[in-house]
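Asks: I am attaching a structure below and will ask some questions about it afterwards.
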Amino acid sequence: MSITERATQASRLDVRVTGGVVRGVREGSLLAWRGIPYAAPPVGPARFRAPQPVLPWTGIRDAIRYGHVAPQLYRGQFKGTGPRIASSEDCLTVNVLSATVTRRKRLGMPVMVFIHGGGYSSGSSQDFAGQGERFVLSGQVVYVSFDYRLNALGYLHFGRYGTSERPVESNLGLRDQVAALEWVRDNIRGFGGDPHNVTIFGESAGGNAVTTLMATPAARGLFARAIAQSAPTDAVYRTELADGWAAEFVEILAAQVGGEADALRLLETASVADLTTAALVLQIRTPDASPGTFCLAPVIDGDFLPEHPVDAFRAGRQHPVPLIIGTNDREGSIFRGRVDILPKSPERVSAIFLRAGPASRTRMLAAYPGLAAKQRAAADFAGDYAFWYPSVLVGGLHSRVAPVHFYRFDVAPRIMRLLGLDATHGIEMFALFSRVDTLVARTMTSLGGRDDFVRAGERMRRNWLQFACTGRLGDGWPAYTEEVRTTLIIAERDRVESDPRAQRRLAWEAFSTEAHENEAP
């Protein structure tokens, strides 16, 4: 390579960002920059504080490796990374992927920003190793992923323990996500991206992040489009409930470390291992103590998140950007054992039913025959409660102010059907990101169905790219409205249905209306 060629390559890989200059790496047809800080490390006095500005550096900073993942105890069942990845409180970094040969426009290419899932307790930007490559190799987009605080460090509400001298902010993981999007706005042009053409998308907790960001005032103008996959859109809670979880967490932590009297001092000095272990104990308790809730979630703090996102959607106060939203066929079937957080048991179902009257409960039982005795019916009820109906609700409400396209992913390889899991929570990620050669995906397709699974992922990815680039979809996927509820069923052969599972939807609408009236003062 000549001196001129080396200089040209270096200039392409060296990018000035907030804080200094970073140098990426060329990987075949891809250019990658990883582990770039988008905020100062939230450590020491910055623990439980809102993200602070990036600390500048001198010289050229290598950006060839991922940063640390947020502290967590275990990897979820659908993650594409191993359990030995280094974790640290110093985890606020962003990754950028672009193609060496692109259809770059003068003003920059569309940008896709992925928000990982994992129940706000696990997961990272490294999930599904190589994620984003297929999107970028299309030559149509710049791809961004990032890490944000999880567990007690990001999603428990300790504001009650703060003081004027030592504040403790709320919604730290959500604030991190906004800070990452601000970094994209301020820096992505240097990577060939258009800061005014950003699509955010995420799955599970990442889908919840998407719909919550759509109702977060500080996120206004930071993205032009949104895609929410399997989003538990309703998993945002009142301060009173979050305060109770925080108090219970402090009790667990104090018992764990030997009984520190002062809660703030305990939170400041506890080790990361003790914090994540205590959070797991609280997670395990919550589904039985408060069925239908999840203790690690955004909180309505009246400030950064002033109202419940669903209330914002209902009032038309959300950001009016085009939206793709949808779920998988049987979201609840995978939640078993230690990840059984959904209201599936008879006791949890009964607790949910107490929120409404006999008439709506009767209608619900008709929509889910055998709910009291059959595991399949209970799994479908729980999956619809957590993911499907909240997505239907948000999709309908948002269609009043912006275009919405709704989908359902039905493709399940043969072994998944034999196991009674079908197209369950998280399965579409392997297809969408073309991670069909991972051990999990090879096992899923070992008895057949691989080709249909791969092709479904290709079609899904093309739709996501078209949406990110134009904000529109073809005539084969009509818009979703409250009147028509047109839904794309992603199957071996895609089809469009109007208001699929209408009986379930009507049962949930009646149930939710009565439950809401019962909660009103």
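The values are calculated or read from the model by the stated rules, or taken from the named source; none is laboratory data. These numbers were taken from a predicted model, which means no experiment stands behind them. Heads up, the Cβs are rebuilt from the backbone with ideal geometry, glycines too, and the neighbour counts pull from every protein chain shown.
Asks: Output the number of residues of segment 262-282 satisfying the condition of being over 31 Å from the mean Cα position of the chain (by Cα) and part of a loop (DSSP other than H, G, I, E, B).
Replies: 1
Asks: Kindly evaluate Leu172 against the criterion of being under 18 Å from Pro45 (Cα atoms) and either in contact (Cβ under 8 Å) with a residue 40 or more places away in the chain or not hydrophobic (A, V, I, L, M, F, W, C) (or both).
Replies: Yes: the conditions hold for Leu172.
Asks: Pairs only if they're at least six apart or on different chains, beta carbon under 8 angstrom, first in segment 499-521 and at pLDDT below 90, second of a type in the set (A, V, I, L, M, F, W, C) and buried (at least 16 other Cβ atoms within 10 Å of the Cβ); list them, first residue then second.
Replies: Note: pairs meeting the criteria are Glu514/Ala356; Ala515/Ala356; Asn518/Ala356.
Asks: Same structure again: Determine whether segment 356-368 contains at least one residue that is closer than 19 Å to Leu421 by Cβ and either in a loop (DSSP other than H, G, I, E, B) or acidic (Asp, Glu) (or both).
Replies: yes
Asks: In this structure, is Arg442 over 18 Å from Gly118 (Cα atoms), of a type in the set (Lys, Arg) and modelled with pLDDT under 95?
Replies: yes
Asks: Name every residue in segment 244-256 that is hydrophobic (A, V, I, L, M, F, W, C) and surrounded by fewer than 16 Cβ atoms within 10 Å (Cβ to Cβ), in order of residue number.
Replies: Correct list: Ala247, Ala255.
Asks: Suppose the filter is of a type in the set (Lys, Arg) and surrounded by fewer than 16 Cβ atoms within 10 Å (Cβ to Cβ); does Arg330 pass it?
Replies: Criteria not met by Arg330.
Asks: Going by what's in this entry, would Tyr148 be described as among the aromatic types (Phe, Trp, Tyr) and closer than 16 Å to Trp33 by Cα?
Replies: Criteria not met by Tyr148.
Asks: Can you confirm whether segment 249-261 contains a residue that is of a type in the set (Gly, Ala, Ser) and part of a helix (DSSP H, G or I)?
Replies: yes
Asks: Now a separate question. Considering only residues of segment 344-370 that are of a type in the set (Ser, Thr, Tyr) and within 20 Å of Ala502 (Cβ to Cβ), which is farthest from the chain's Cα centre (by Cα)?
Replies: In this case the residue turns out to be Thr362.
Asks: Related question: For segment 489-497, state whether one or more residues are acidic (Asp, Glu), farther than 30 Å from Gly139 by Cα and assigned to a strand (DSSP E or B).
Replies: The answer is yes, given that some residue of segment 489-497 is acidic (Asp, Glu), farther than 30 Å from Gly139 by Cα and assigned to a strand (DSSP E or B).
Asks: Does Leu342 satisfy being among the aliphatic types (A, V, I, L, M) and more than 25 Å from Arg408 (Cα to Cα)?
Replies: no
Asks: Which one is surrounded by the fewest Cβ atoms within 10 Å (Cβ to Cβ) among residues in segment 388-409 that are in contact with a strand residue (DSSP E or B) (Cβ under 6 Å, 6 or more places away or on another chain) and outside any helix (DSSP H, G or I)?
Replies: Arg408
Residue by residue, here is whether (1) crowded, with 22+ Cβ neighbours inside 10 Å; (2) touching a helix residue (DSSP H, G or I) at 6+ places or on another chain (Cβ under 6 Å); (3) touching a residue at least 40 places away in the same chain (Cβ under 8 Å) holds:
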position	(1), (2), (3)
Arg185	no, no, no
Ile188	yes, no, yes
Gly193	yes, no, yes
Asn197	yes, no, yes
Ala205	yes, no, yes
Val210	yes, no, yes
Met214	yes, no, yes
Pro217	no, no, yes
Ala226	yes, yes, yes
